[in-house]
1. What dipole magnitude, in Debye to the nearest 20, does the chain give about its Cα centre under +1 on Lys/Arg Cβ and -1 on Asp/Glu Cβ?
2. If we sort 319-330, 339-350 on the protection proxy, mean other Cβ atoms within 10 Å, highest first, what's the order?
3. Given contacts defined as C-alpha pairs under 8 Å and at least six residues apart, what's the relative contact order of the range 124-217, whole-number percent?
4. Quick check: from the Cα gyration tensor, does the range 334-430 come out rounded (a/c under 1.5), prolate or oblate?
5. Calculate one ³J(HN,Hα) per residue across the range 375-391 by plugging θ = phi - 60° into the Karplus curve 6.51 cos²θ - 1.76 cosθ + 1.60, and present them in order as whole Hz with x for glycine and proline.
6. Going by average Cβ neighbours within 10 Å, how do the peptides 300-308, 104-112, 365-373 rank, with the highest at the top?
7. Take the alpha carbon atoms of the range 230-262, find their center, do the same for the range 342-370, and report the distance between the two centers in whole angstrom.
8. Binning at 5 Å from 0, report for the range 78-176 what percent of all alpha-carbon pair distances ends up in each bin.
Amino acid sequence: MRHLVLLALAAVPLAAQTPPVAPAAPPVLIKAGRLIDGRTDRVQTNVGILIEGERIRAVGPLAQIEPQAPGARVIDLSPMTVLPGFIDTHTHLLLNGDPTSESYNEQLLFQSTPYRAILAARNARIALEHGFTTIRDVETEGAMFADVDVKRAVNRGEVPGPRIFASTRAMAPTGMYPILSPNWELELPHGVQPVDGVENARLAVRQQVGHGADWIKYYSDRRYYFTADSVLRSWVNFTDAEARAIVDETQRLGRRTAAHAIGTDGIAAALRAGAQTIEHGHGMSDSLMDAMVKAGAYWAPTVTVGMYVAPPRGGIWPVLVEHQRRAFGRAVRRGVRIALGTDVGGFPWTEINQAKEFEYYVRYGMTPMQAIQSGTSVDAALLGQERHLGAVAPGRYADLVAVAGDPLRDITELQRVRFVMKGGVVYLSH
């Protein structure tokens, strides 16, 4: 009988054995009442955006684009303002709020990595529904390489979520990152990968890249304090040789480096090592700003998380927040490339909309257009993805959001997204 089946199959022409190819999806024409394209300062009106597959084919006056789209599926956003999908360059998918050490320890001690990964998948969906079509996730806080698993699930369409650039475990020297305990008999979970010495630094980079890291994150400093001259100082974690080894090996493997640096000492050390981005940066001084501009480095201030954690942490934290506010305005005037990063996960994904960060940037000295570009085209450049992300332009991914009002008049409109498209697929429309 088996031979008869094989003979029967052999007799069927090859064309008949091949499954029919699904017809290509029709193009999509979006009618945008107002368009902020992420690159220019000009607001366009009555715009047509023609999408084929996952990319934008054409953008222009609706009267010119509409004839190019016979048979297209029309999405009418003419009452709305359309923008590029937002980008958040500092997130923690595997964390759900750590205003205190107790809340951080509870997650690492009492939640398994699989459980945290389930919550991370939920968090990815929340980010997307808030209009963030791309994120850079800057470490898993003890959940090993689970961010890569969430990224894989999103890429395969198993769960909805943004494009994810993963950083896996992050790095700090032994004994310089939680969880720490005076009981030396306990081996507690490590929030990062402990790294000591130049060769181990290179090895850690190779391990993380081998497990899927797109970026490498390390902790440049800790223990922040003010001196009599009102300078925010810090203890530097790595030797210069160790930090340079991290950055050099990362670049050799075609990746980029993010450095947690809050005090002036940590920021200076990260810039000496060649880190591409400074995370938090509360102690940013004018001379460090000039050094950043010269080096072409980016600053992700993560204002939202500072505002969230300062009251419960107390101590120096409320002063750090005010110090950063003053530095932010000076950095805008000095031409520092400020990238939108929120540190969501440091505050709960379910309580605060990441787009709150736009509001703080305007409060701190940016124009609304500058803030929007910070969270779109500037972030895309930080990621090295200018040809793909951060703008509504031909050839870019069809990552779009729409809001009902005018965010140039009221930046809080970005916290009320009504429409989200990622790669030509609509994920939110109401």
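Each value in this text was obtained by applying a stated rule to the coordinates, not by laboratory testing. Bear in mind that the values here come from a model prediction, so they are computed numbers and not experimental data. Reconstructed Cβ throughout: ideal geometry from the backbone, glycine too, with neighbour counts over all protein chains shown.
1. 1060 debye
2. Working: 319-330: 17.8, 339-350: 25.0.
My ranking of the peptides, most packed first, is 339-350, 319-330.
3. Details: 152 pairs, mean separation 30.7, N = 94.
Here the relative contact order equals 33 percent.
4. rounded
5. Those phi angles translate into x, 9, 5, 5, 5, 4, 5, 4, 7, x, 10, 4, 7, 10, 10, x, 8 Hz.
6. 300-308, 365-373, 104-112
7. Answer, in whole Å: 25.
8. Taking every Cα pair in the range 78-176, the percentages come to 3, 13, 22, 24, 17, 10, 6, 3, 2, 1, 0, 0.
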